[in-house]
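Structure first, then comments.
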Amino acid sequence: MPQPVIEVSGLRRFFGDFEAVRGVSFAVGAGEVFGLLGPNGAGKTTIVRMLTTLLRPHGGEARICGCDVRRQPARVRQCIGYVPQALSADGSLTGYENLLIFAKILGLKKRERERRIEELLAFMELEEVAHVLVRKYSGGMVRRLEISQAMLHRPRVLFLDEPTVGLDPVARKGVWERLGDLRKNYQMTILLTTHYMEEADTVCQRVGILDRGEMVVTGTPAQLKESVGGPTAASLDDVFAHYTGKQLTTGGNYNELKQVRRLSRRLG
Ligand SMILES: Nc1ncnc2c1ncn2[C@@H]1O[C@H](COP(=O)(O)OP(=O)(O)OP(=O)(O)O)[C@@H](O)[C@H]1O
Ligand SMILES: [Mg+2]
């Protein structure tokens, strides 16, 4: 593996008596896209929130770009971008205005922020809708805008919690292409969570399957398929079912519905 940028060792988190993350360890190398998979409630978001310093770990260690999430949270925040599971763009503003607010919060100087906003709008293929209200955007456009917001300070690491939930297949592919280019053009290290096995297979160099707070297995999609019956015989769906004992349901789960509803409600 290339030089690790995300190093997680024995990470734990309780909510009351319930242990949601039970001693999870893994590493992500520079320039890798790592996919965190697992059924609803497995602990994916809880891990992402700990790694982005939003939630305090109760045990274990995590370092991002060599900085400890517990002891050096401000330094960790400087080197990461985060796109949460819930909506993070304002529907009553244009895409450009959303980016401008983020850039101002980051304290970017006028010329610098104009340059970066322009660059990101072009890179994320949002130039044509830059001055349209976000509530008029398609789901794919909103997601690409949110990724742009998280990229304004040029982070080395990007965390994406279910980046394509509720998107149609075309919009989903659009996001995948942008993520692939981020890795290629900016050598970005990316950790994403997903329920879509095709997404994990297409976008991720390595994946980890989480179940009830524990990391059950990590490896490249090819290695995991091999481990349950060979690269041609098995799909990542088979891998998921094998390691979690759960079949993936088609047609969306509650979580997805909740997400889609929240999106449409916020955007009015
Ligand atoms: N703030 C909280 N208070 C109490 N319990 C919580 C809290 N946040 C998460 N949990 C519980 O911790 C477990 C892990 O939740 P988490 O959101 O990390 O799962 P997830 O893998 O992201 O699931 P999903 O695929 O549905 O997004 C779940 O049982 C959840 O109910
Ligand atoms: Mg989640």
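Let's see how each residue does on (1) buried (at least 18 other Cβ atoms within 10 Å of the Cβ); (2) modelled with pLDDT of 95 or more; (3) farther than 24 Å from Leu224 by Cα; (4) out of contact with any Cys (no Cβ under 6 Å at 6 or more places or on another chain):
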residue: Phe123; (1), (2), (3), (4): yes, no, yes, yes
residue: Val129; (1), (2), (3), (4): yes, yes, yes, yes
residue: Phe159; (1), (2), (3), (4): yes, yes, no, yes
residue: Gly166; (1), (2), (3), (4): yes, no, yes, yes
residue: Arg172; (1), (2), (3), (4): yes, no, no, yes
residue: Glu199; (1), (2), (3), (4): yes, no, no, yes
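Out of segment 196-216, which residues are in a strand (DSSP E or B) and closer than 11 Å to Arg22 by Cβ?
We begin by selecting, within segment 196-216, every residue in a strand (DSSP E or B); these are 206-211, 214-216.
Residues satisfying the conditions are Leu210, Asp211, Glu214, Met215.
I'm trying to understand the selection: among the residues of segment 155-174, which are of a type outside the set (D, E, K, R) and more than 13 Å from ligand 1 (Cβ to nearest atom)?
Pro155, Val157, Leu158, Thr164, Leu167, Pro169, Val170, Ala171, Gly174
Condition (residue is within 17 Å of the chain's Cα centre (by Cα), surrounded by 14 or more Cβ atoms within 10 Å (Cβ to Cβ) and farther than 18 Å from Ile147 by Cβ) applied to segment 8-21: is it met by at least one residue?
Within segment 8-21, one or more residues are within 17 Å of the chain's Cα centre (by Cα), surrounded by 14 or more Cβ atoms within 10 Å (Cβ to Cβ) and farther than 18 Å from Ile147 by Cβ.
Out of all the residues in segment 78-89, is one or more more than 16 Å from ligand 2 (Cβ to nearest atom) and surrounded by fewer than 18 Cβ atoms within 10 Å (Cβ to Cβ)?
Within segment 78-89, one or more residues are more than 16 Å from ligand 2 (Cβ to nearest atom) and surrounded by fewer than 18 Cβ atoms within 10 Å (Cβ to Cβ).
Run Arg49 past the list (1) without any contact (Cβ under 8 Å) to a residue 24 or more places away in the chain; (2) away from ligand 2 (no atom under 16 Å from the Cβ) and report the number of the one that doesn't hold.
Exception for Arg49: condition (2).
Looking only at residues that are outside any strand (DSSP E or B) and at pLDDT below 95 in segment 1-29, which one is farthest from His242 (Cα to Cα)?
In the first step, residues of segment 1-29 are kept if they are outside any strand (DSSP E or B); the result is 1-3, 16-17.
Next cut, at pLDDT below 95 only: 1-3.
Working: Met1: 26, Pro2: 29, Gln3: 31 Å.
Only one residue fits best here, namely Gln3.
If you check Arg154 against the conditions, is it surrounded by 17 or more Cβ atoms within 10 Å (Cβ to Cβ), among the basic types (Lys, Arg) and under 20 Å from the mean Cα position of the chain (by Cα)? Full working, then the answer.
Numbers: surrounded by 17 or more Cβ atoms within 10 Å (Cβ to Cβ): no; among the basic types (Lys, Arg): yes; under 20 Å from the mean Cα position of the chain (by Cα): yes.
Spelling it out, it is not the case that Arg154 is surrounded by 17 or more Cβ atoms within 10 Å (Cβ to Cβ), among the basic types (Lys, Arg) and under 20 Å from the mean Cα position of the chain (by Cα).
The values are calculated or read from the model by the stated rules, or taken from the named source; none is laboratory data. Values in this document were obtained by computation on a predicted structure and should not be read as measured data. Note that we place each Cβ from the backbone using ideal geometry, even for glycine, and neighbour counts take in every protein chain shown.
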